[in-house]
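Have a look at the structure below, then the notes.
The values are calculated or read from the model by the stated rules, or taken from the named source; none is laboratory data. Just so you know, these numbers come straight off a predicted model, no measurement behind them. Neighbour counts run over all protein chains shown; Cβ positions are idealised from the backbone, glycine included.
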Amino acid sequence: MVSSLPIEVSSCGKAIIVGEHAVVYGSSAVAMPLPSMQMHIRLSPSKGNKNTLKLGNNKISDHVLGIIDDAFQALGMDKFPVDVEGSSQVLIGSGLGSSAALSIVILKALASLAGKQISEHTLAQLGRSLEARFHGKSSGLDTAVVAYESIIQFKIGTEPKRLKVLAPKGHTQWNFALIDSRTRSSTLAMINQASPYFLDPHKGNKRLEEFDGLAATTASALEHGKVDLLAGAMNRASIMLGEAGLTSHLLSEMLDAIKSSGIPAAKLTGAGGGGCILALLEPSLAGTQLAHLGKIFGKDRVYAVNIDPSSYN
């Protein structure tokens, strides 16, 4: 039975700590949800004869609108027109999972409208099929993080592993910052840009193995509260993503400015070419370093991101 009452649901954004691009070719990746960045929608059966979708002031193309019919099909539901209206704090096209958030939130709303119960694993898998509308074949990493709303270690073809995180010694949480470059790039274009780096017949496999190792190191660092260990993995990943041609001139300048200010680590997060940089802050100096980033880039471009272990363990 389908409810006639409006359904209100939300989903979050995500940030990849280590493993973007490499995960597409079979390496592991580690990513975290962004609870402070939410996409909220209100879905109800439409009185009209077609689907509608509004997300604040964001212009919705017919291509994006098609995700509603995709969700009906994925859930095995008979289609009927619905109205979807909401807002999003997830930056669009910035590598923070806006397409994954939209895929998951539409699925959650339709399932709830029909009284269907679906597991996190199924939600992630169905979301992956929907996200293909935006980026072609998806690794499934983004929709898994958003569906599970947990810090996960992910590898294609395996169940995502929830990480039990430990805060750095003497502190209650991990501190990060996201810095918006205010530039955007096509995910598909960046995948094409990076593919020769990972598919190189002589060095590709070694690079993928190294990313696998970086993901394992990242997971261990988070599980044991080791800031230096995580910083090393993130900085090495940043160098390799630069070698793959994913760090634009602007991103390189931003990374240099961040690292020269004494911040332990910084790397692009997401597809690259634009979007956001993820910075790891020193726990005892997090407030000062966050304020400094605001002075360099502008407060409206810097977002605090914290991992409180009590929220995930």
| field | Among the residues listed as Leu293, Leu280, the single one being in contact (Cβ under 8 Å) with a residue 40 or more places away in the chain, within 30 Å of Asn192 (Cα to Cα) and either in contact with a Gly (Cβ under 6 Å, 6 or more places away or on another chain) or not aromatic (Phe, Trp, Tyr) (or both) | value | Leu280
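Quick one: in segment 91-110, which of the residues that are hydrophobic (A, V, I, L, M, F, W, C) and modelled with pLDDT under 95 is surrounded by the most Cβ atoms within 10 Å (Cβ to Cβ)? So that I can check it myself, show each step before the final result.
Within segment 91-110, the subset hydrophobic (A, V, I, L, M, F, W, C) is 91-92, 96, 100-102, 104-107, 109-110.
If we keep only those that are modelled with pLDDT under 95 as well, we get 91-92.
Numbers: Leu91: 21, Ile92: 12.
Top of the filtered list is Leu91.
Would you point out which residue out of Leu43, Leu107 is more than 17 Å from His135 (Cα to Cα), assigned to a helix (DSSP H, G or I) and either touching a residue at least 12 places away in the same chain (Cβ under 8 Å) or among the hydroxyl-bearing types (Ser, Thr, Tyr) (or both)?
Working: Leu43 fails: assigned to a helix (DSSP H, G or I).
Residue meeting the stated conditions: Leu107.
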| query | Within segment 128-138, is there a residue that is of a type in the set (Phe, Trp, Tyr), more than 23 Å from Gly213 (Cα to Cα) and either over 13 Å from the mean Cα position of the chain (by Cα) or modelled with pLDDT under 95 (or both)? | reply | yes
| query | Does segment 149-160 include one or more residues that are crowded, with 23+ Cβ neighbours inside 10 Å, of a type in the set (Ser, Thr, Tyr) and within 14 Å of the chain's Cα centre (by Cα)? | reply | no
| request: Please enumerate the residues belonging to segment 161-178 that are in contact with a Pro (Cβ under 8 Å, 6 or more places away or on another chain) and in a strand (DSSP E or B). | output: Trp174, Asn175
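Yes/no matrix, rows are residues, columns are (1) out of contact with any Pro (no Cβ under 6 Å at 6 or more places or on another chain); (2) modelled with pLDDT under 95; (3) within 21 Å of Ile118 (Cα to Cα):
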| site | (1), (2), (3) |
| --- | --- |
| Pro6 | yes, yes, yes |
| Tyr25 | yes, no, no |
| Met39 | yes, no, yes |
| Arg42 | no, no, yes |
| Asn58 | yes, yes, no |
| Ser61 | yes, yes, no |
| Ile68 | yes, no, yes |
| note | Across segment 56-89, the tally of residues that are without any contact (Cβ under 8 Å) to a residue 40 or more places away in the chain, assigned to a strand (DSSP E or B) and of a type in the set (A, V, I, L, M) stands at 1
| query | Does segment 191-205 include one or more residues that are touching a residue at least 24 places away in the same chain (Cβ under 8 Å) and within 13 Å of Gly274 (Cβ to Cβ)? | reply | yes
| said: Can you confirm whether Ser195 is touching a Leu at 6+ places or on another chain (Cβ under 9 Å), surrounded by fewer than 20 Cβ atoms within 10 Å (Cβ to Cβ), assigned to a helix (DSSP H, G or I) and polar (S, T, N, Q)? | reply: no
| Residues located in segment 236-293, provided they are within 14 Å of Leu178 (Cβ to Cβ) and polar (S, T, N, Q) | Thr269, Gln289
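Got a number for residues in segment 26-40 being in a strand (DSSP E or B) and not hydrophobic (A, V, I, L, M, F, W, C)? Explain how you work it out, then say what you get.
If we filter segment 26-40 for residues that are in a strand (DSSP E or B), which is where we start, we get 29-40.
Now restrict to residues that are not hydrophobic (A, V, I, L, M, F, W, C): 33, 35-36, 38, 40.
Total meeting the criteria: 5.
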| request: Search segment 1-33 for residues being in contact with a Lys or Arg (Cβ under 6 Å, 6 or more places away or on another chain) and closer than 27 Å to Leu246 by Cα, and hand back the single one that is surrounded by the most Cβ atoms within 10 Å (Cβ to Cβ). | output: Ala31
